[in-house]
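None of the figures in this text is laboratory data; all of them are computed from the coordinates on show. Since we're looking at a predicted model, the values are computed, not measured. All Cβ positions, even for glycine, are placed from backbone atoms using ideal geometry, and neighbour counts span all protein chains on display.
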Amino acid sequence: TEDILRVNGLSTRFFTEQGQVNAVSDLDLRIERGEVVGIVGESGSGKSVTARSVIDLIESPGEITEGEIWFNEPDLADAVADDYPEAVDGSFVNLLEVPKQVRRSLRGSSFSMIFQDPESSFNPSLTVGEQIAEAVEVQQRASANPRSTRAKTQEYSLGRLMLSTVLPSKKYVSEASRERAIELLELVGIPDPVERADEYPHEYSGGMLQRAMIAQALAGEPDILVADEPTTALDVTIQAQVLDLLDDLQDETGMTILLITHNLGVVARMCNRVGVMYAGEIVERGTLEDVFDDHVHPYTEGLLGSIPDLESAGGRLEPIPGNVPSLLDHEMPDRCYFADRCPKAMEDCLSHPPEYEGRGTDEHEVRCVLATQEYSEARALSADYFGKDD
Ligand code: SF4
Ligand code: MG
């Protein structure tokens, strides 16, 4: 299978009053067309910023400061090759080397995102059906002339402008887009979609609105769906239903999904490959088997120990003691960022942050000294050591 996305050396910083926050550092990510790749980590590990960086949703004071995001889209490559030759490599386009409006024009049709909080995706004063129809319309305008990115961009903004002035009263752009919206609601399992299309977001339950958001995200038939904690806000039963839905949609459409979650249980169920994030870096990556059966990083081990049970609400969580370290540049230590919480820390971990090391299969990479050296009880430092040192 070919790659659809290659992210190289991505760094995203936030320039705050307290100083520079290294939210994502030197991140590499490869996604094949049609696969589901998971990024897992605790909150504050940088996984949402990674997702938002990929889809160009970083806003001031945040900024992508380094890296390349290569998107495999032959039509786009053709369209921008003359004006931005540096940004094109075969059928790949480096999205960070083309103007922002070109990137923005890909939203919906190439990339779509679903969030933890569906309220944020809907305007409370328009019906759910109208808003999904709007997403359908925008995509149709955009794809009317797929070879001209400039036209696509203009049509897109024009489409939004028109819709925002035309739609406040309850009116669909066209009967066809209304029908498509109802089809999409049906696809994501909304009962009585014809009636529900005319309801407002507040009339939907949390789980139903989550489904409606997925319908809206699918309206543009995106190549890549970025799902950021899509089920976290839902109760366990509904979580399982929404994951089933995503899984089914993925099987049916062959859509590529980048799934962001703190839950390795969700990863196990959905993903082909996974990256484990800690303190703005991927600390272990590999296939599902690499990460579940042959993991090396003690942080991965810790996350595996805290998998909540999706089936029973009483599932026990064993969180890893301690907190994600500060990502303020001047506070980040010159040692493994996990050392203060790591039960296997040893002297080598304290001299400098570990490099990536391959392990076994091609896909498996780990940022931990244990990847290259045998862990030895004798070299482990006791928790007391850290107490005294700090
Ligand atoms: Fe633990 Fe050392 Fe590996 Fe860091 S490098 S995770 S401190 S064993
Ligand atoms: Mg699947």
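Distances between placed amide hydrogens fall under 5 Å for Ile4 paired with Ile31, Glu32, Arg33, all partners being 5 or more residues away or on another chain.
The GluC sites (Glu not before Pro) found in the range 26-70 that occupy coil by DSSP, while having at most 16 further C-beta atoms within 10 Å, are Glu59. The residues Phe115, Phe338, Phe15, when put in order of fewest to most other Cβ atoms within 10 Å, stand as Phe15, Phe115, Phe338.
Computed from the Cβ-Cβ distance with R0 of 22 Å, the FRET efficiency linking Glu203 to Asp244 stands at 0.40.
Using 0.36 nm per residue of separation minus the Cα-Cα distance, give me the extension gain between Asp251 and Asp78 in nm, one decimal. Intermediate results must be reported in sequence, preceding the final value.
Values: separation 173, 0.36 × 173 = 62.28 nm, distance 2.97 nm.
That works out to 59.3 nm of additional length.
The calculated FRET efficiency for Ser43 paired with Ser91, based on their beta-carbon distance and R0 = 35 Å, is about 0.45. When both the range 6-26 and the range 181-224 are represented by their alpha-carbon centers, they are found 35 Å apart. Couplings 3J(HN,Hα) of the range 241-257, computed from phi: 5, 5, 5, 4, 4, 4, 4, 5, 4, 5, 4, 6, 9, x, 5, 8, 10 Hz, in residue order, whole Hz [Karplus 6.51 cos²θ - 1.76 cosθ + 1.60, θ = phi - 60°; x for Gly and Pro]. Distances between placed amide hydrogens fall under 5 Å for Thr65 paired with Ser11, Thr12, Arg13, all partners being 5 or more residues away or on another chain.
The fewest-to-most ranking of Cys336, Cys342 by surrounding Cβ atoms within 10 Å reads Cys342, Cys336.
Take Tyr356, Tyr278 and order them by how many other Cβ atoms sit within 10 Å, fewest up front.
Working: Tyr356 17, Tyr278 27.
With the fewest neighbours first, Tyr356, Tyr278 line up as Tyr356, Tyr278.
In plain terms, the chain from Glu301 to Glu63 could stretch by 82.5 nm, reckoned as 0.36 nm per residue minus the Cα-Cα distance. Can you list residues whose amide H is under 5 Å from Glu284's amide H, if they're 5+ apart or on another chain and H is modeled 1.01 Å from N? Amide H neighbours of Glu284, under 5 Å, 5+ apart: Val276, Arg367. Can you give me the Kirkwood hydrodynamic radius for the range 1-136, using every pair of distinct Cα atoms, in Å to one decimal? With all distinct Cα pairs of the range 1-136 included, I get 16.5 Å. Within the shell defined by Cβ-Cβ distances under 13 Å, the residues around Ile64 carry a net charge of -3, with Lys and Arg each +1 and Asp and Glu each -1. Calculated FRET efficiency, Ser125 to Arg335, Cβ-Cβ distance, R0 = 45 Å: about 0.30 to the nearest 0.05.
Phi angles of the range 205-218 translate, via the Karplus equation with coefficients 6.51, -1.76, 1.60 and θ = phi - 60°, into HN-Hα couplings of 6, x, x, 5, 5, 4, 5, 5, 5, 5, 4, 5, 5, 7 Hz per residue; Gly and Pro are given as x.
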